[in-house]
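Remarks on the structure that follows.
The values are calculated or read from the model by the stated rules, or taken from the named source; none is laboratory data. Keep in mind that what you see is a predicted model, and the values were worked out from it rather than measured. Glycine gets a Cβ as well: all are built from the backbone with ideal geometry, and neighbour counts include every protein chain shown.
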Amino acid sequence: MTYKNIIKNKNIILGVTGSIAAYKSIFLASLLVKEGANVQVIMSQSSKEFVGESSFSGMTHNSVITGYYGEKTNLNIDHIELAKKADIIVIAPATANTIAKLALGISDSPIIGSVLATSAPILIAPAMDGEMYKSKQVTENITKLLDDKTFFTGPAKGRLASGINEKGRMSEPEEILDKIKYIFSKKNDYKNVKSIVTAGGTREAIDPVRFITNKSSGKMGIAIAEALRDRGSNVTMIHSNLYKNHKIEGIDYVKIQTAEEMKTEIFNKIEDSDLIIMAAAVADFRVKTINRNKLKKDQITNLYLEKNPDILKSINKSNIVKVGFAAESENLLENAKEKFISKNCNIMVGNDITEENSGFGSDQNKAIIIEKNNVEKLPLMEKTTLAHIILDKAKNYLS
Ligand SMILES: Cc1cc2nc3c(=O)[nH]c(=O)nc-3n(C[C@H](O)[C@H](O)[C@H](O)COP(=O)(O)O)c2cc1C
C-alpha cells in the first residue's frame, strides 16, 4: 500500500469566528483529527461567546490560540510559524466581519494574520444571515478574495438561526472535509487521467412499480471514485441506485437505471477516457417485455428474461485500462480468473460475497486482485483502503 490517506499528517489551521455555527466546527475538528491531521485551532475573540476553547483543545490535543498575545505554543511567533507550516487554513465558520477583514488584509486577529503569512491554500466556509450574505459588501469581498489559492464552500440554503429559510447556513462538516480533500487532490498521481467508475446495482423494470435488482450499495464504487478524485483524476461516476444520495465535489455524476442505459452512458464517454473501473453490479438479465401497466397479482405467473449486454467485455478500445469486479459465492479464484480472461481486463478484483462483514452493503471488503502475472489475496479491509490499493496497481497500466 503506497498511498496514504490524503489528510493524514497534514497541518491544518482551523480558524473559528463568531457565529452560532461555531458549534459545528467542533465536529469538523473531530473529523480532521480522525483522518490523522494535526489540527491547530485559532479562535476569534467573539467566537468564544459561542463555543469553548476546551472543546477544541480536548479534541485536537493542541492548545488553542485566541489572540496575538500570550503565546500558546513554544514556537517563535505562534501565528507566523503555524502559517508557514500549514498545509491549509480553513476558516469555518467565517463571519461577514472576518471575510471583510480578509479582503482588506486587516490583520487584527491571528486568524487573519496567519492567512496573510501563509502560502498554503485557504478554505472559507461563510455562515451568516441570508440578507447579510446577499449584501453588496459581502458579495464584493468574496469576489475579491477568490483566486487560485482561496476557495469557498457554501453557504447552503436552509433554516437559519433567525428562523428564516435562506442561503447562509455554514456547509456541513462532512462537506468541508470533502472540500479540503478536493483541494489537496489538485496535485496527484492521477492528475491527467480521465476515468469512468460505475457503482450500484442496476434496476430492470418488470412494470411501472416493480423491478429486478441486487444487493449492491455502491459503496465500493463511491470509494473508488472518491480515491480517484483525491488523486487528481477527472472522474465520471455512472451509477444506479446508491445507498446514500450524496454528491462529492469534483465528481461528475450520471444516474441510470438499467444495464442498457449504463452501457449507453459508458460508450458516450469511453473514447475520451483512459481508465474504466466497473464496480457496479450490473444485472445479468432483464425482463423480456416490460408491462406498461402495473400487473395484477394473479397476472404474474412467469417472467420471461433475456440476457443483458456484458458491458466490460464489449469495451475493446486499445488504449484504455479496464478494471472489473467479480462477486462470487463459490470458487472465487477460478471464477474471477475466468472473468479476467474473458473480459480482457488489466485487473480483476474478486470478492467472496459469502464472507462475513465483506462485500455487498458493508464498509469493508476482502478481495483478491488478479493481474496477468500476479494474484494477491488481501485481508479484510475498509473499502476506502482497498480503493487506493486498486489505484496503486491500475496506475502501472496507464501509459
Ligand atoms: C447570536 C449572534 C449570532 C451571530 N451570528 C453571526 C453569523 O452567523 N455570521 C456573522 O457574520 N456574524 C454573526 N454575528 C455577529 C458577529 O459575532 C460579529 O460581527 C463579530 O464581530 C464577529 O467577529 P469575528 O469575525 O472576529 O469572529 C452574530 C452575533 C450574535 C450576537
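For the reader, a short list of remarks on this structure follows.
- Per the conditions (1) of a type in the set (Phe, Trp, Tyr); (2) outside any loop (DSSP other than H, G, I, E, B); (3) in contact (Cβ under 8 Å) with a residue 40 or more places away in the chain, the sole criterion not satisfied by Tyr253 is (3).
- Set Glu35, Glu49, Glu81: member being under 30 Å from the mean Cα position of the chain (by Cα) and either within 15 Å of the ligand (Cβ to nearest atom) or assigned by TED's automatic domain parsing to the domain that holds Leu177 (or both): Glu35
- Qualifying residue in region 55-70 (condition: at pLDDT 95 or above, within 16 Å of the ligand (Cβ to nearest atom), part of a helix (DSSP H, G or I) and assigned by TED's automatic domain parsing to the domain that holds Val138): yes
- Leading residue by the ranking (surrounded by the fewest Cβ atoms within 10 Å (Cβ to Cβ)) among those in region 88-112 that are farther than 23 Å from Lys134 by Cα, at pLDDT 95 or above and more than 11 Å from the ligand (Cβ to nearest atom): Ile88
- Matching option when the condition is in contact (Cβ under 8 Å) with a residue 24 or more places away in the chain and either crowded, with 16+ Cβ neighbours inside 10 Å or among the small types (Gly, Ala, Ser) (or both), among Ala156, Ala127: Ala127
- Residue within region 126-134 that is of a type in the set (Asp, Glu) and away from the ligand (no atom under 16 Å from the Cβ) present: no
- Looking across region 161-207 at every residue that is within 16 Å of the ligand (Cβ to nearest atom), closer than 24 Å to Thr143 by Cβ and surrounded by fewer than 22 Cβ atoms within 10 Å (Cβ to Cβ), the one that is modelled with the highest pLDDT is identified as Lys167.
- Evaluated against (1) more than 13 Å from the ligand (Cβ to nearest atom); (2) at pLDDT 95 or above, Leu75 falls short on exactly one condition, (2).
- Qualifying residue in region 318-331 (condition: without any contact (Cβ under 8 Å) to a residue 40 or more places away in the chain and of a type in the set (Lys, Arg)): no
Rundown of residues vs (1) touching a Ser or Thr at 6+ places or on another chain (Cβ under 9 Å); (2) aliphatic (A, V, I, L, M); (3) in contact (Cβ under 8 Å) with a residue 40 or more places away in the chain; (4) over 19 Å from Pro126 (Cα atoms), yes/no style:
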site	(1), (2), (3), (4)
Ile6	yes, yes, yes, yes
Ile12	no, yes, yes, no
Gly18	yes, no, yes, no
Ile42	yes, yes, yes, no
Ser57	yes, no, no, yes
Ile65	yes, yes, yes, yes
His79	yes, no, no, yes
Ala94	yes, yes, yes, no
